[in-house]
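The next block holds one structure in the form of structure tokens; read it before the comments.
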Amino acid sequence: MAHTFTIASDENLVQMVASARQRLVFVAPGLRLPVAEAILRAARDRPSLQVVVIVDVDPEVCRFGYGQVEAIEKLVGGLKSVLMQPGLRIGLLISDDVTLVYSPTPLLIEAGSDVMAKPNAVLLGEEGGATIASACGAVPGLPPEIGLKPVTKQRLAEVIADLQANPPKPFDVARQELTFNSELEYVEFEVSDFRLAKKKVALPAEILGVADANLQKRFRNSFQVFAEGTPFEFKVDDPADPGKTITLSETVLKKKADELREDYLPALGEPYRRVILRRRRAEFEREIADFKKRVDAYRKLVLAAIGTEFEKTQRELVEALIDSVAASPPKKWLDKTVSGRLDRAAIKKQLTVMINGSLQDVLGEYNPEVSVVFKGVNYETFARDRLFRARLEQKFGREEIARLFHVQTSVFAADGS
């Protein structure tokens with residue numbers, strides 16, 4: 001006795017097609033060559049057999065693995081008519097009084113079932129088939145519900161051209177890509193624009209005694225705004241842990257950023273980014289949230305205190321340069337005066353304005369940010385990049401590789417490595 005719940009393998013479909021004597025209805029997104037060839041044999045061997053085929057003629061059907069365009073092409077060349085229904089995603093096969101309703105398998109995502117314990121179809125007897133056959137246009141005199149347009153050679157040619165330009169991937173490889181799961185992720189972790197100790201301003205060549213206009217364009221000179229060491233250091237309540245006092249400075253923040261990288265983000269070396277174990281991601285993100293609070297607190301404290309430091313630096317620069325600039329004022333300063341001369345007070349004022357503008361540019365660029373971006377390790381890197389795998393083995397050990405990556409078929413075992 002046939003099972004009601006069964007599997008719609010190509011083998012079972014072919015057997016049902018071969019048993020048809022009066023009526024054969026096939027409805028599905030697509031089909032593969034063995035089924036198409038069975039339909040053509042049945043139509044050829046039994047001329048009185050009523051045959052209706054309805055498919056979804058769309059390139060995506062082939063890309064997802066619901067069927068082969070070669071199978072549809074063969075049917076269009078061998079049957080009087082092949083009908084189409086856009087968006088069709090159910091499977092139906094009627095062989096005389098027996099009806100099979102099934103779930104078509106997209107081979108891009110999963111392999112088809114071949115065991116009865118994993119059914120994807122329902123087998124119906126005589127009562128269930130007549131109504132469905134009528135809806136498919138297999139009962140003379142009754143209008144069909146689907147498959148109202150024939151598959152034209154023009155539409156078929158469009159699909160073939162589309163698939164030639166963008167062919168389906170091998171389904172076994174594509175399935176592994178979709179089911180690939182990694183316990184690792186790439187991480188891009190950066191703390192930008194917080195190192196004031198490294199900030200420099202360009203000093204205009206004209207105030208350093210370079211008079212020639214062409215040389216001024218080529219001249220490059222800069223001044224480190226703050227002295228070596230930590231320009232700002234604050235003892236404050238920890239914004240991430242109220243009640244605790246901490247020190248915030250460039251040195252402290254840099255040390256913490258380095259510790260986070262060292263503790264959570266193993267470096268695989270160029271050309272790869274750092275990685276993180278997924279099981280540690282939540283813990284790392286909590287640490288980053290606290291770190292962001294401290295960086296933001298430091299930014300606010302610096303912006304509140306930087307004015308005093310700038311004034312000090314500005315005064316020191318003006319005092320250091322005033323004598324040389326007064327001895328040889330920039331020509332464009334003199335050209336703007338009525339007398340063609342500038343006294344020391346006017347030169348000092350001009351010099352102060354110029355230096356202040358350069359220092360304000362530094363302030364405008366100061367906007368510390370903590371950036372963390374997670375990116376998945378893709379299947380192609382895991383499966384094909386031997387250097388990547390070698391670096392992983394160095395960091396985690398060869399025995400851990402199988403635990404770090406999960407895929408339907410073991411790629412490491414596939415090539416014996």
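The values are calculated or read from the model by the stated rules, or taken from the named source; none is laboratory data. All figures in this text were calculated on a predicted structure; none of them were measured in a lab. Reconstructed Cβ throughout: ideal geometry from the backbone, glycine too, with neighbour counts over all protein chains shown.
Quick notes on this one:
- Among the numbered conditions (1) part of a strand (DSSP E or B); (2) at pLDDT 90 or above; (3) crowded, with 18+ Cβ neighbours inside 10 Å, the only one that Tyr186 does not meet is (2).
- Verdict on Glu270 being under 25 Å from Phe388 (Cα atoms) and surrounded by fewer than 12 Cβ atoms within 10 Å (Cβ to Cβ): yes
- The single residue among Lys332, Lys312, Lys349 that is under 26 Å from Leu301 (Cα atoms), within 56 Å of the chain's Cα centre (by Cα) and either surrounded by fewer than 17 Cβ atoms within 10 Å (Cβ to Cβ) or assigned by TED's automatic domain parsing to the domain that holds Pro231 (or both) turns out to be Lys312.
- Scanning the range 275-288 for residues that are surrounded by fewer than 12 Cβ atoms within 10 Å (Cβ to Cβ) and assigned to a loop (DSSP other than H, G, I, E, B) turns up nothing.
- Selection of helices (runs of 4 or more DSSP H) fully inside the range 306-393 by the criterion of at least 1 residues being closer than 25 Å to Val191 by Cβ returns 344-365.
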